[in-house]
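Accompanying notes for the structure given below.
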Amino acid sequence: MPISVKELVAAAKASIPVCSIEAAVERLRAQPDLLLLDVREPPEHATGLVPGAEPVPRGLLEAKIGELCDDPNREILVYCAAGNRAALAVKTLCDMGYPNVTCIDGPVAELIEAAAKGAP
């Protein structure tokens, strides 16, 4: 029997590292060389990005990650509109051999606001 998207996302979140918006902002402040990926679609990117984020649509992630990250051990944070696509993206990256990938779980508007306030 097929599973729902909700079940698929829940299973992904149960098997990957997930952090809050607050924890993500702290990590971004502490590690400026951290790779931050925005896996929303281009029209969504036009509404705003977290400063320093690389926009790479979820559907292109597997093809683009090698261009964006030449060190598979580099720490990567991933976000989307609400955390669901990010969770699936992180699961994929972990499956591809990137061990230090974390999903930021929460609304992108809150992340953008928190990142702006938390900027050094």
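The values are calculated or read from the model by the stated rules, or taken from the named source; none is laboratory data. As the structure is a computational prediction, the values presented were derived from the model and not from experiment. Backbone-built Cβ (ideal geometry, glycine too); neighbour counts: all protein chains shown.
Would you confirm whether any residue within the stretch 38-61 is of a type in the set (Asp, Glu) and loosely packed, with under 12 Cβ neighbours inside 10 Å?
Of all residues in the stretch 38-61, those of a type in the set (Asp, Glu) come to 38, 41, 44, 54.
Next, only the ones that are loosely packed, with under 12 Cβ neighbours inside 10 Å stay: none.
Taking every residue of the stretch 38-61 in turn, none turns out to be of a type in the set (Asp, Glu) and loosely packed, with under 12 Cβ neighbours inside 10 Å.
In the list ALA53, ALA87, which residue meets the criterion of being of a type outside the set (Val, Ile, Thr) and either without any contact (Cβ under 8 Å) to a residue 60 or more places away in the chain or touching a Phe, Trp or Tyr at 6+ places or on another chain (Cβ under 7 Å) (or both)? Spell out the reasoning first.
Details: ALA87 fails: either without any contact (Cβ under 8 Å) to a residue 60 or more places away in the chain or touching a Phe, Trp or Tyr at 6+ places or on another chain (Cβ under 7 Å) (or both).
Sole residue among the options that is of a type outside the set (Val, Ile, Thr) and either without any contact (Cβ under 8 Å) to a residue 60 or more places away in the chain or touching a Phe, Trp or Tyr at 6+ places or on another chain (Cβ under 7 Å) (or both): ALA53.
From the list LEU93, LEU68, LEU77, LEU88, pick out the single residue that is surrounded by fewer than 20 Cβ atoms within 10 Å (Cβ to Cβ), at pLDDT 95 or above and among the aliphatic types (A, V, I, L, M).
Numbers: LEU93 fails: surrounded by fewer than 20 Cβ atoms within 10 Å (Cβ to Cβ); LEU77 fails: surrounded by fewer than 20 Cβ atoms within 10 Å (Cβ to Cβ); LEU88 fails: surrounded by fewer than 20 Cβ atoms within 10 Å (Cβ to Cβ).
Just one listed residue meets the conditions, LEU68.
Against the condition in contact with a strand residue (DSSP E or B) (Cβ under 9 Å, 6 or more places away or on another chain) and free of Cβ contacts under 8 Å to residues at least 40 places away in the same chain, how does ASN100 come out, does it pass? Let's see the steps before the verdict.
Details: in contact with a strand residue (DSSP E or B) (Cβ under 9 Å, 6 or more places away or on another chain): yes; free of Cβ contacts under 8 Å to residues at least 40 places away in the same chain: yes.
Yes.
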